[in-house]
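The structure appears right after this line, and notes come after that.
Each value in this text was obtained by applying a stated rule to the coordinates, not by laboratory testing. Note that the structure is predicted; figures quoted are calculated from it, not measured. FYI the Cβ positions are ideal-geometry reconstructions off the backbone, even for glycines, and counts take in every protein chain you see.
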Amino acid sequence: MSLKEMCPILRFADLGDERGKLVVIEGGEAIPFEIKRVFYIYESDSTVVRGQHANRESEFVLINVAGKSKVRITDGREEIIVELNKPMTGVYIPKMIWKDMYDFSPDSVLLVLASTHYDGSEYIRDYDEYIKEISAK
Ligand code: TYD
């Protein structure tokens, strides 16, 4: 499977009407996991690179609910760059995929939905260690 197929762009239901937009994301339906954790990143400026890790257990969906940012995604073989700039689209990132988030616009609010509660020990923050672990599979 290609990296693009492993990390699809998801388009969420827009229930907007003349009163404004409404986007709904239900765990296990619009995204392929039950949501256990939500966090969001804002006031990261355009020079900052965040992420820089892979997760042994967690799956994520990243959505820029305001502004824009980019995410560079790699499995150690292929690399893709996804621009997140619409509140009704997100990108799915499965386990054991390396990601860097960068190019945040001043108004960027990057919402992250996660399949797990936080556990720092399931994060791989060293790229060489990541390559070692995926090569061992
Ligand atoms: P970090 O993983 O570096 O953020 P990002 O992936 O967005 O660049 O997290 C920053 C700090 O916050 C770090 O000390 C771990 C902590 N943290 C939690 O306690 N819970 C969480 O759910 C997250 C994402 C981070």
request  = Using Cα centres only, tell me the gap between region 60-77 and region 115-132 in whole Å.
outcome  = 17 Å
query = Can you give the calculated 222 nm mean residue ellipticity of the chain, where each DSSP H run of n ≥ 4 adds -39,500 (n - 2.57) and the sum is split over every residue, rounded to the nearest 500 deg cm²/dmol?
reply = -2500 deg cm²/dmol
note = Neighbours of residue 28 by Cβ distance under 14 Å: Lys/Arg at +1, Asp/Glu at -1, summed charge -3
task = Report the dimensions of region 3-135 along its three principal axes from the alpha-carbon atoms, largest first, rounded to Å.
result = 52, 34, 26
Contact order normalised by residue count of the chain, Cα under 8 Å, 6+ apart, percent = 33 percent
query = Which of these, 67, 20, 76, has the largest mean-square fluctuation under a Gaussian network model of the chain (Cα springs below 10 Å)?
reply = 20
request  = Treat each spin label as a single point 7 Å out from the Cα along the C-beta direction, and report the residue 132 to residue 100 distance in nm.
outcome  = 2.1 nm
